[in-house]
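Asks: A single structure is presented below for examination.
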Amino acid sequence: VQLQASGGGLVQAGGSLRLSCAASGSSFSINAVGWYRQTPGKQRELVATFTSGGTTIYAGSMKGRFTISRDNAKNAVYLQMNNLKPEDTAIYYCKLTNWFGHDFWGQGTLVTVSS
């Protein structure tokens, strides 16, 4: 499974970005799919994810500002980020977990929010 993330960039505080992640491969199943982020010196943390049951989970600081969505026909997941803050600066990764419990990560896309 290959995951290709895109959409990162430089934005001013209060601005918006939309991240995209497309999954490809010869054969794969999707149990859960979502977004994580990481800053230097810190552990990778959950941003938002679809669970195996199709529900969504958001990290507390992202609720109300970020929205995760998916297009099953395109094997894609998106993250709409609004009202961005400098502390949202990070590398954002998409992750897919298949029904065997294997995790697959995208290469990451850098989001930089200037104050």
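Asks: Taking the DSSP beta bridges in the chain as the whole, what percent of them are antiparallel, to the nearest 5? The partial results should precede the final answer.
Replies: Details: 38 of 42 bridges.
In the chain, approximately 90 percent of DSSP beta bridges are antiparallel ones.
Asks: Another one. Put a dot 7 Å past each Cα toward the Cβ at residue 112 and residue 83; how far apart are the dots in nm?
Replies: 2.6 nm
Asks: Turning to a different aspect of this structure: Suppose every K and R has +1 on its Cβ and every D and E has -1 on its Cβ; what is the size of the dipole of segment 33-115 about the Cα centre, in Debye to the nearest 20? Working shown, then result.
Replies: On the way: 9 positive and 5 negative charges, 14 e Å.
Computed about the Cα centre, the dipole is about 60 debye.
Asks: Can I ask one more? Can you pull the percent of the chain's accessible area that's carbon plus sulfur, 1.4 Å probe, other chains left in place? Don't jump to the answer; show the numbers that get you there.
Replies: Numbers: 3030 of 6100 Å².
In the chain, the share of accessible area belonging to carbon and sulfur is 50 percent.
Asks: Averaging sequence separations of C-alpha pairs under 8 Å and six or more residues apart, then dividing by the length of the chain, give the relative contact order as a whole percent. Can you show the working numbers first?
Replies: Details: 279 pairs, mean separation 42.9, N = 115.
Here the relative contact order equals 37 percent.
Asks: Given a Förster radius of 41 Å and the C-beta distance between residue 69 and residue 43 as r, what FRET efficiency does 1/(1 + (r/R0)^6) yield to the nearest 0.05? Kindly include the intermediate steps, with their values, before the conclusion.
Replies: On the way: r = 26 Å, r/R0 = 0.63.
That gives a FRET efficiency of 0.95.
Asks: While we're on this one: Suppose all protein chains stay in the model; what accessible area per residue would a 1.4 Å probe give for the chain, in Å²?
Replies: Computed with neighbouring chains in place, this is 53 Å² per residue.
Asks: Report the calculated FRET efficiency for residue 18 and residue 103 (r = Cβ-Cβ distance, R0 = 22 Å), to the nearest 0.05.
Replies: On the way: r = 24 Å, r/R0 = 1.07.
Calculated value: 0.40.
The values are calculated or read from the model by the stated rules, or taken from the named source; none is laboratory data. Because the structure is a prediction, the values reported are computed rather than measured. Note that we place each Cβ from the backbone using ideal geometry, even for glycine, and neighbour counts take in every protein chain shown. Surface areas here come from the heavy atoms of the whole protein model, side chains and all, with no ligands, DNA or RNA. Shrake-Rupley method; radii C 1.70, N 1.55, O 1.52, S 1.80 Å.
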